[in-house]
Amino acid sequence: MQTPDFPIAALRSALEGIACLDAPADRTRLSRDFYWFSPILKEQLDGKLADLVVQPATQEEVLRVVAACARAGVALTPRGLGTGNYGQAVPLRGGVVLDLSRLKQVLWAKPGAVRAEAGARLSEVDIETRKLGWEQRMLPSTFRGATIGGFYCGGGVGIGSNNYGMLKEPGNVLGVKALSMEAEPRVVEYRGREAIDLHHAYGVNGIILEVEFALAPALPWIECIVSFADFNAAAAFAQTLGESDGIVKKGISAHQWPLPKSYRPLKDVLREGESVVMTLVAEHSEEAFRELARAAGGAVIYANDARAPGAKKITLQEFMWNHATLHALRAGEPVTYLQLGYPQGRNLELVKRISAVFGDEIVQHLEFIRVQGRITCSGLPIVRWHDEARLRAVMRQLEEEGVYIADPHTWMVEDGGKKSINPRHVEIKAAMDPAGLLNPGKLRAWDERARGATGTEQRKSIFWDG
Ligand SMILES: Cc1cc2nc3c(=O)[nH]c(=O)nc-3n(C[C@H](O)[C@H](O)[C@H](O)COP(=O)(O)OP(=O)(O)OC[C@H]3O[C@@H](n4cnc5c(N)ncnc54)[C@H](O)[C@@H]3O)c2cc1C
C-alpha cells in the first residue's frame, strides 16, 4: 500500500515512458541500504518504504522526475547502489526513490582526471581510466558495485586514503554537476571548494548528475598479508609502512585476532591466533616491502598479483574498511561496530590503551590514512553487543580516552561523521531544495531551522568536518 495521499496517478502520467516500479517487493528492495549493520538503526528503519521507485536512464529523464515531484510536493530520495551503512538512502518519509544506477556513462577520462555520470559504478570508471594508465585515487571497499555519485554523497574515504587522504581533501574532487529540486529544475556546476560543500551530505542539497574526480597513476599491485603473533606489533608495522615514503602502497589495514577468523575465503592462508596487516604494494616495491616486514617480525603469508587470473574473485580490498565489519557480522556473533578517529602522533599509544581498557569487548581493526600530511589510523572495531546503553557507555569512555567517534548508529548528517553543522549545507539546500523535499529527515540543521531553533552543538574534528 502506498501512503494514502500519494499522487500516484498524477506522477505515473507525468513520468510516462520512464521506468517506474511500484510492486511492494521492488519498493522494499530499493528502499533499503546496509543500515542493518547497526542493531539500533535496524530497529528504527525496518519497514520504511518508498511509495514509488523511478529509474531514469538519461539526465533529461531525471529532470522530468524531479520537476514532477517538485510540482506535486513529493519527497525524493536519490539512490546509487544502496551500500551506505547509516540508512542514508532509506526514504524516511516515503515518496519517490530515484534510482540513478542507469545513469552510468563515463563521459571522459584524460591523464589525471575523469568525469562520469552519477550512477557509473566505481569499478567501471576504473576500467576506463586504466586504459589511459590512470586509476582512482581511493575506492571504498564496495567499489565493485557502488556508484561514483553514491561514494561522493554517502562515502568519503577508502583504499588509497593512505596516499591521498579523505575524499574531502582539496584536489580530490574537481567538480560536480547538480540539479535543483524545483518545478523548473536548474543545473548548477560546483567546482573546487564548492564541490566539497555538497559532499557527504546524503543528497539533501541537490541531485548529483555528474562527478569529476582527480586520478592517480595506475600501477600493477600485489596484494599482501603480513602475519604477526602480537597485534601491537602489527599496528606498529602498519604505521611504519605508511611512513615509508619510498615504498609505494595502496591501503594499509591491521586486523586483530580473532577478527580474521571470520574471513572465510582466507581461511587456508591465515594463521590461527595471529593478527594481520593487509596492503596492496606496487610490484616494484615488493622487495623493499618484504624487507620491512621481516625487520618488524612479520611473516608475509600471502602475496597475490591483483591482475592474475582468478584474482578478481575476491580481492583483499574486500576485507578492508567496512568489509571487515561485514565479514564479522556474517559470522553470526552478537557484535556491532564503531568508527573511530585517532589523533596523529598518539594513535598507536591509544590503540594499546583501548585493548588494555576494554579487553575482548573490543576487537580492533585499523585503517591507516594520511591526515594533513601525517599518517594516523581510523578504527572500525568490532564491539560485543549487549544493548544500546552499554554501547553508548563504551563510546563515552572512548571519547574520554581521547579517541574521536564518528557515530555509525545515526542517519543524521551532523550526528555521524561530521559532528558539526556545515552552514554551507543549509545555504546550498535553501538554494537547491527550497521546499525541503530531498531525502527529508537527514539534515538536522534544516529541520531545526524549519522549527525556528537556533544553533546545535558544534564540535570540530580534523577527520570528518566537511
Ligand atoms: C561492506 C561495506 C563497506 C563499505 N566501505 C566503505 C569504504 O571503504 N569507504 C567509504 O567511504 N564508504 C564505505 N561504505 C559505505 C558505502 O558503500 C559507500 O559510501 C558507497 O560509496 C556508497 O555508494 P552507493 O552507490 O551504494 O550509494 P548509496 O548508498 O545508494 O547512496 C549513498 C547516499 O548518497 C545519496 N545519493 C546517491 N546517489 C546520489 C546522487 N546521484 N545524487 C544525490 N544523492 C545521491 C543517497 O541518497 C544516500 O544518502 C561501505 C559500506 C558497506 C556496506
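Each row is one residue, and each column tells you yes or no for (1) hydroxyl-bearing (Ser, Thr, Tyr); (2) closer than 19 Å to THR83 by Cβ.
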{"site": "CYS20", "(1), (2)": "no, no"}
{"site": "PRO24", "(1), (2)": "no, no"}
{"site": "THR28", "(1), (2)": "yes, yes"}
{"site": "SER31", "(1), (2)": "yes, yes"}
{"site": "PHE37", "(1), (2)": "no, yes"}
{"site": "ALA50", "(1), (2)": "no, yes"}
{"site": "PRO56", "(1), (2)": "no, no"}
{"site": "GLN59", "(1), (2)": "no, no"}
Options ALA195, ALA214, ALA288; residue that is surrounded by fewer than 18 Cβ atoms within 10 Å (Cβ to Cβ) and closer than 30 Å to GLY175 by Cα: ALA214
Filter pass, ILE375 being of a type in the set (Val, Ile, Thr), in a helix (DSSP H, G or I) and buried (at least 16 other Cβ atoms within 10 Å of the Cβ): no
Selection within the range 319-340 - open to solvent by 20 Å² or more (accessible area, probe 1.4 Å), within 16 Å of the ligand (Cβ to nearest atom) and either at pLDDT below 95 or more than 18 Å from PRO140 (Cα to Cα) (or both): LEU329, ARG330, ALA331, VAL335
Scope the range 195-211; condition more than 23 Å from VAL106 (Cβ to Cβ) and either free of Cβ contacts under 8 Å to residues at least 24 places away in the same chain or in a loop (DSSP other than H, G, I, E, B) (or both); matching residues: ALA201, TYR202, VAL204, ASN205
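Looking only at residues in the range 396-418 that are among the small types (Gly, Ala, Ser) and under 24 Å from ALA234 (Cβ atoms), which one is nearest to the ligand (Cβ to nearest atom)? Before the answer, list the steps.
Initial filter on the range 396-418 (among the small types (Gly, Ala, Ser)): 402, 406, 416-417.
Restricting the remaining residues to those that are under 24 Å from ALA234 (Cβ atoms) gives 402, 406.
Values: GLY402: 24, ALA406: 11 Å.
Ranking the candidates gives ALA406 first.
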Positions within the range 371-388 being out of contact with any strand residue (DSSP E or B) (no Cβ under 9 Å at 6 or more places or on another chain), within 21 Å of GLU349 (Cβ to Cβ) and in contact (Cβ under 8 Å) with a residue 12 or more places away in the chain, in sequence order: GLN372, ARG374
Residue in the range 151-173 that is under 30 Å from ARG444 (Cβ atoms), part of a strand (DSSP E or B), in contact with a strand residue (DSSP E or B) (Cβ under 7 Å, 6 or more places away or on another chain) and more than 8 Å from the ligand (Cβ to nearest atom) present: yes
Criterion: within 30 Å of VAL426 (Cα to Cα) and small (Gly, Ala, Ser) - qualifying residue of ALA233, ALA183: ALA183
Check on ALA393, assigned to a helix (DSSP H, G or I), within 16 Å of the ligand (Cβ to nearest atom) and either open to solvent by 20 Å² or more (accessible area, probe 1.4 Å) or modelled with pLDDT of 95 or more (or both): no
Total residues in the range 326-337, condition in contact with a strand residue (DSSP E or B) (Cβ under 6 Å, 6 or more places away or on another chain) and either in a loop (DSSP other than H, G, I, E, B) or aromatic (Phe, Trp, Tyr) (or both): 1
Flag for LEU340 being under 15 Å from GLN256 (Cβ atoms) and in contact with a strand residue (DSSP E or B) (Cβ under 8 Å, 6 or more places away or on another chain): yes
Answer residue from the range 135-150, given it is open to solvent by 20 Å² or more (accessible area, probe 1.4 Å) and assigned to a loop (DSSP other than H, G, I, E, B) and is nearest to the ligand (Cβ to nearest atom) among those: THR142
Residues of the range 22-51 classified as within 20 Å of GLY150 (Cβ to Cβ), out of contact with any Lys or Arg (no Cβ under 7 Å at 6 or more places or on another chain) and not in a helix (DSSP H, G or I), total: 4
Listing of strands (runs of 3 or more DSSP E) fully contained in the range 75-134 that carry 2 or more residues being open to solvent by 10 Å² or more (accessible area, probe 1.4 Å) and within 12 Å of the ligand (Cβ to nearest atom): 76-79
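The values are calculated or read from the model by the stated rules, or taken from the named source; none is laboratory data. Computed from a predicted structure; not experimentally measured. Note that we place each Cβ from the backbone using ideal geometry, even for glycine, and neighbour counts take in every protein chain shown. Ligands, DNA and RNA are excluded from the accessible area calculation, which covers all protein heavy atoms including side chains. Shrake-Rupley method; radii C 1.70, N 1.55, O 1.52, S 1.80 Å.
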